[in-house]
Amino acid sequence: MQSVVELWVYLSATPLFGLTATLATYVLAQAVYQRVDQAPWANPVLWTVLALALLLTLTDTPYPTYFSGAQFIHFLLGPAVVALAWPLWQRRAELRRRWLAVLAAALVGGSAAAGSALLVGWALGLPLPVLASLAPKSVTAPVAMGIAQQLGGIPALAAVFAVLTGLIGALLAKPLFDLLRIRQPEVRGFALGAVSHGIGAARAMQVHPASGAYAALALGLQVLLASLLMPFVSLLLGALPALRP
């Protein structure tokens with residue numbers, strides 16, 4: 001017991017704490033996820049986030065202290081997203097045949113995701129900075145933070161909305177697709193990637209290679225389209241106060 005206490009004191013005082021806690025928690029969550037046959041409710045990202053939040057709260061560890069170690073994992077997010085392009089390259093001939101349908105689906109899906117969030121938020125009376133943070137919720141978190149800042153939103157809040165959107169999609173996509181009788185892995189993956197970005201794409205990759213490839217394609221298209229259409233969202237946000245009764 002004494003050695004455990006000494007190890008905790010040492011780790012908590014160094015950047016190794018955040019790195020070790022994140023890796024250990026995720027490996028444990030992933031083992032449970034595999035043990036229950038990858039049930040959606042056992043998503044390892046969800047349970048890792050909850051377990052780490054509980055750990056930081058119980059130990060009264062400041063977030064900057066945790067992130068000083070966890071930033072090494074955060075850095076790998078970019079290369080991980082880029083690596084999703086490999087399954088797309090393997091299907092490049094198929095994508096060339098479907099490019100128009102894929103682009104149209106991405107545009108409609110992204111517009112519906114952002115538009116519905118803005119409409120619900122406006123109906124609930126949310127202030128403009130929160131609406132601006134909510135608009136890019138279906139874009140991967142680093143890009144969503146940049147878009148939210150340009151729209152006058154709160155980058156940290158945009159990251160929270162993006163992560164929650166990804167987790168909800170990863171949890172509810174399979175039962176929803178089954179309910180709607182959507183069987184094609186390409187359609188499932190593209191829809192999941194369009195609204196749940198990286199977390200959804202990771203879930204799709206676990207289910208079927210084609211689902212993962214199309215989810216990665218949808219993720220990339222949403223980043224591109226959201227960046228190009230940001231000025232129109234800004235105009236919409238400016239007009240919303242005048243529409244309130």
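Where a number appears in this text, it was derived from the coordinates with a stated rule and is not lab data. The structure displayed is predicted, hence computed values, not measured ones. Using ideal geometry, Cβ is built from the backbone for each residue, glycine included, and neighbour counts are taken over all protein chains shown.
Quick notes on this structure:
- Lys, Arg +1 and Asp, Glu -1 on Cβ, resulting dipole of region 81-243 about Cα centre, debye, nearest 20: 480 debye
- Acute angle (nearest 10 degrees) that the helix 2-12 long axis makes with the longest principal axis of the chain, alpha-carbon atoms: 40 degrees
- Using only side-chain charges placed at the Cβ, +1 for Lys and Arg and -1 for Asp and Glu, the dipole size of region 7-149 relative to its Cα centre rounds to 640 debye.
- Cα gyration tensor of region 81-243 - equivalent ellipsoid semi-axes, whole Å, descending: 28, 16, 14
- Taking the charge dipole of the chain about its Cα centre, with +1 at Lys and Arg Cβ atoms and -1 at Asp and Glu Cβ atoms, the residue from Q30, L164, V120 reaching farthest to the positive side is V120.
- Cα radius of gyration and Dmax for region 38-112 (Å): 19.0, 55
- A protection proxy built from the mean count of other Cβ atoms within 10 Å ranks the segments 27-33, 150-156, most packed first, as 150-156, 27-33.
- Residues considered: A144, A132, A83. Largest GNM mean-square fluctuation over the chain, using C-alpha springs under 10 Å, is found at A83.
- C-alpha center-to-center spacing [region 150-189, region 101-117] in angstrom: 13 Å
- Spin-label model, V120 to V36: label points 7 Å out along the Cα-to-beta-carbon direction sit 2.3 nm apart.
- GNM on the chain, alpha-carbon springs under 10 angstrom: the most fluctuating residue among A93, A51, A173 is A93.
- Where labels lie 7 Å past Cα in the beta-carbon direction, separation of L28 and R183 in nm: 4.1 nm
- At R0 = 30 Å, FRET efficiency that the Cβ-Cβ distance of H74 and Q150 yields, to 0.05: 0.90
- In the chain, a dipole from Cβ-located charges (positive for Lys and Arg, negative for Asp and Glu) runs towards its positive end, and of A135, I73, P175 it is P175 whose Cα lies farthest in that direction.
- Between F232 and I168, the C-beta separation translates, for a Förster distance of 35 Å, into a calculated FRET efficiency of about 0.85.
- log₁₀ of I(q)/I(0) at q = 0.15, 0.17, 0.21, 0.30 Å⁻¹ - region 143-198, Debye sum with one point per alpha carbon: -0.50, -0.59, -0.75, -1.11
- Maximal additional length on extending the L16-V160 stretch stands at 49.4 nm, based on 0.36 nm per residue less the C-alpha distance.
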